[in-house]
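Report on one structure; see the data block that follows.
The values are calculated or read from the model by the stated rules, or taken from the named source; none is laboratory data. Predicted model, so just to flag it, every value in this text is computed and none were measured. Quick reminder, even Gly has a Cβ in these numbers, built from the backbone with ideal geometry, and neighbours come from all protein chains shown. Only protein heavy atoms, including side chains, enter the accessible area calculation; ligands, DNA and RNA are left aside. Shrake-Rupley method; radii C 1.70, N 1.55, O 1.52, S 1.80 Å.
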Amino acid sequence: MMKDIPTLTGANYNIWAPSMKAYLMSTGVWTYTNGVRVAPTDITSDEYISWLEKDEQALGTITLKSAQNIRSLVSKEATS
């Protein structure tokens, strides 16, 4: 569950990262963050829209479990 993931502060990255990876894997979006699933080139396709929704889910989860000072850096990213 997401409540079991500590908030990323920077200093706790080694604890946060495995927990976040496990959570993203359990929700089916890990492959969007590690580069296995790349964005389709046709941005008007249904496949692209589906990819974008999953990628935004991953980025949103990472953002929510980041401390405020890190959150501002994460939120500048276009993809997970």
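Backbone phi angles across segment 32-47, fed through the Karplus curve with coefficients 6.51, -1.76 and 1.60 (θ = phi - 60°), yield HN-Hα couplings of 7, 8, 9, x, 5, 9, 9, 5, x, 6, 8, 6, 9, 7, 4, 5 Hz in residue order; Gly and Pro are listed as x.
Computed over the chain, the per-residue total of -39500 (n - 2.57) for DSSP H runs of n ≥ 4 gives a 222 nm mean residue ellipticity of -16500 deg cm²/dmol, rounded to 500. Amide H to amide H distances under 5 Å link Leu8 with Ser66, Ala67, where only residues 5 or more positions off or on other chains count and H is placed in the peptide plane.
Per-residue packing, averaged as other Cβ atoms within 10 Å, sorts the ranges 40-46, 71-77 into the order 71-77, 40-46, beginning with the highest. Here, the chain is characterised by an Rg to Rh ratio of 1.00, where Rg is the alpha-carbon radius of gyration and Rh the Kirkwood radius. If you take the Cα centroid of segment 39-66 and the Cα centroid of segment 1-37, the two points sit 16 Å apart.
Computed over the chain, relative contact order equals 32 percent, with contacts defined as Cα pairs under 8 Å that lie 6+ residues apart. Helix 13-26 sits at what angle to the longest principal axis of the chain, using alpha carbons and giving 0 to 90 degrees rounded to 10? In the chain, helix 13-26 runs at an angle near 40 degrees to the longest axis. Note on the chain: with neighbouring protein chains present and a 1.4 Å probe, carbon and sulfur make up 57 percent of its accessible heavy-atom surface.
Here's how it looks for Ser80: its modeled amide H is under 5 Å from those of Leu59, which are all 5 or more places away or on a different chain.
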